[in-house]
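Heads up: the structure comes next, in structure tokens.
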Amino acid sequence: MNLADQIEALARSATAQVADASHRFTGAQRDLAATMAEHRRTAPRSRTELLREDLEHQADAADALPSIMLPADVADASPHLPPPAR
């Protein structure tokens, strides 16, 4: 086996190892994302958190600014906040 063949074999081996590591990483990342989604789905949440999450999803679906559809206690134009200083 000449030098060029050895270099090519080494390059192929390294490429295969990198591709395998990339596939394993992607699989692990996918598994972690699924586990996190499951945790978020089953984690106990307060009624306010559920409402806020629903409103944010509706705002995303409507492509509106979330602050417009959030409850007054967290909205930018909350009537519960003191008026801005003039």
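Quick notes
- Summed side-chain charge close to ARG12 - residues other than ARG12 whose Cβ falls under 13 Å, Lys, Arg +1, Asp, Glu -1: -3
- Once the Cα gyration tensor of the stretch 22-65 is diagonalised, semi-axes √(5λ) in Å: 28, 16, 5
Only the coordinates and a few stated rules stand behind these numbers; no lab work does. Keep in mind the model is a prediction, meaning the values are calculated, not measured. For neighbour counting, all protein chains shown are included, and Cβ atoms are generated from backbone atoms with ideal geometry for every residue, glycine included.
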